[in-house]
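The values are calculated or read from the model by the stated rules, or taken from the named source; none is laboratory data. Everything numeric in this text was worked out from a predicted model, so none of it was measured. Counting neighbours? That spans all protein chains shown, and the Cβs are built from the backbone with ideal geometry, glycine included.
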Amino acid sequence: MMHIKQQLAGLMVAMACLLLGTVHAQTPAPKVESANIMDVEKGSDAAAQRERAQSQPGNNAPFWRAVNSDEAHSVTIPNKEAGVLIQKSGQQWRLLRNGVITVFGGWLVTIAAFGILFLYFLKGPIKLDQPPTGRKIERFTALERLVHWTMAYSFVALAITGLFIIFGKHVIMPIIGHSAHGIILYIFKNVHNLTGPIFTLCVVVFFVMMVKDNLPQKGDLAWLKSGGGIFGHVDAARFNAGEKLWFWLGMTIIGLIVAGSGWVLDMIVPGLSYWRGTMQVANIIHVISALLIIVFAMGHIYIGTIGTEGALDGMKTGYCDESWARQHHGIWLDDINSGKIPASREPENGPISNIAKKIVRTTT
Ligand code: HEM
C-alpha cells in the first residue's frame, strides 16, 4: 500500500513539472531572438548578439548597430582604421557627392556651355576695330608660351577625364554600356591622377613668371566699371582687370585649391595621414573647386580663342598685331613705344629659353 502511495506522489510531481514546463514554454521571457529588431537595445551584450546570430543569421541588429556606431574597437592588425569597420560619415559623403554636387554641378556646366554658345551666336566674336597693320609686337616669350600651353593641355585633359569620372555613369554609360564605360573610366582615372601634378607645376611656374604684370594698376577699376569694354572703351595695361581676376581668383586661388586637394587624393602629400575622413573632405573640396574652375576656364578659353579676333596670335606665335595691342592693351603699347618697358623680353641665348623655343616651334 505504502509502495502505491509513493508511486502516486511521484506521478503527481512529474505531472506538475510537465504542466509548469508547458506553461513556461507558452509564455517565454522576451529574448533577443523573438524581439522586434527596432526594440533590441542598442549595445546589447555579447550573449544577446551570439543568440541573434544563431536564431536569425544575417539579421543581427545589435551586432550591426555596434558595427555602424562609428565607435573605434581594438584591432591587432597594423591598419589604424580597421577598428571602425563601417565609417558612418562615408554615407553622408556618398549622398553629397552623388546627389547635390553631381546634380547642381551638372547643371552648372551645362548652363555655362549653352551660355557661351548663346553669346557666340547672338553677339559673335569681338572684332578688330582697325585693320591689322602687319607690325608685330612681342606678347609672350617662348617659355611663357610653353608653360601656358602645357597648363592649357593638362587642364583640358584633367577637365575631360574629371567630368567623365563624375558624370560618365549618368551620361555616357547608358549609351556605350558597362564594359566600355569601365575600360574608359580606368584609363581616364589614371590619366587624371598623373596629369594633376603637371598642371600644379605649371600653375606655380606661371604664377612666378606673370605675377608682376598682374598686380593691381590704376586703369583696372575703370576697366571693370566699363564692363570690360561693353559700356565704352577703356585702355588696359599688359593684362586687363578681367585677365587679372582670372589670374588671381581662377588660376591661383581655385587652381591651387583643386591642385592641393588632388595631391591629397593622389596620396602624394608627404607626412599626411590618409584617413577615410581626410579623403572624403578632400574629394568634396576637389569636386566643387574643379567644377568652378572648369566653368571659368570655359569662358576664358572662349574669349582667348573664337571670342576675340587676334587674341590667340600671342599664344600661337609669341606676337600680336599692333592694332590688336592698341585696341585691347593701349597702356602697354604706349609703354613699349615710349621705351618704358622693353619691346623684347626674349633672351637671345638662355639655355631654358632655347629649349622652350625649340619645343614651342615644333608643337605650335
Ligand atoms: C585651351 C586652353 C587655353 C587657351 C586656348 C588659352 C588662351 C589664352 C589666351 C589667348 C590668353 C590671352 C593672352 C593675351 O592677353 O594675349 C590667355 C591668357 C591667360 N590664360 Fe589662358 N588659355 C587656355 C587655358 C588656360 C588655363 C587652363 C589657365 C589656368 C588655369 C589659363 C590661364 C591664363 C591666364 C591667367 C591668362 C592671363 C594672363 C595673365 O593675366 O597673366 N589659361 N589664355
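Close contacts from the range 302-324, counting a first residue that is of a type in the set (Val, Ile, Thr) and a second that is part of a loop (DSSP other than H, G, I, E, B), with Cβ to Cβ under 8 Å and a gap of 6+ residues or different chains, come to Ile303/Ala311; Thr305/Ala311; Ile306/Pro125; Thr308/Pro125; Thr317/Thr364.
What number of residues within the range 332-364 are over 38 Å from the mean Cα position of the chain (by Cα) and modelled with pLDDT of 90 or more? So the count comes out to 12.
Among the helices (runs of 4 or more DSSP H) confined wholly to the range 40-145, which include 2 or more residues that are of a type outside the set (D, E, K, R), under 37 Å from the mean Cα position of the chain (by Cα) and modelled with pLDDT of 85 or more? I'd like the intermediate steps shown before the answer.
Numbers: elements: 46-55, 61-67, 89-96, 102-123.
Where helices (runs of 4 or more DSSP H) fall fully within the range 40-145 and carry at least 2 residues being of a type outside the set (D, E, K, R), under 37 Å from the mean Cα position of the chain (by Cα) and modelled with pLDDT of 85 or more, they are 89-96, 102-123.
Across the range 246-280, the qualifying residues are those that are more than 10 Å from the ligand (Cβ to nearest atom) and of a type in the set (Ser, Thr, Tyr), and the one among them that is nearest to Ala290 (Cα to Cα) is Ser261. Helices (runs of 4 or more DSSP H) fully within the range 161-275 that include at least 1 residues being in contact (Cβ under 8 Å) with a residue 60 or more places away in the chain, touching a helix residue (DSSP H, G or I) at 6+ places or on another chain (Cβ under 9 Å) and not small (Gly, Ala, Ser): 178-210, 255-266.
Looking at the range 317-332, is at least one residue assigned to a loop (DSSP other than H, G, I, E, B) and at negative phi? Yes, some residue in the range 317-332 is assigned to a loop (DSSP other than H, G, I, E, B) and at negative phi. Only one entry of Val211, Val258, Val171, Val203 meets the criterion of being of a type in the set (Val, Ile, Thr) and within 17 Å of Trp332 (Cβ to Cβ), and that entry is Val211. Taken over the range 55-74, residues that are over 18 Å from Gly277 (Cβ atoms) and surrounded by 11 or more Cβ atoms within 10 Å (Cβ to Cβ) amount to 10. Could you please let me know if Ala290 is in a helix (DSSP H, G or I), more than 10 Å from the ligand (Cβ to nearest atom) and within 26 Å of Val103 (Cβ to Cβ)? Yes.
Filtering the range 322-350 to residues that are acidic (Asp, Glu) and within 11 Å of the ligand (Cβ to nearest atom) leaves nothing. Here Gln54 clears all of (1) more than 30 Å from Arg238 (Cβ to Cβ); (2) within 16 Å of the ligand (Cβ to nearest atom) except the condition numbered (2). Quick check, is Asn354 away from the ligand (no atom under 14 Å from the Cβ), assigned to a helix (DSSP H, G or I) and in contact with a Lys or Arg (Cβ under 7 Å, 6 or more places away or on another chain)? So Asn354 does not fit the description; no.
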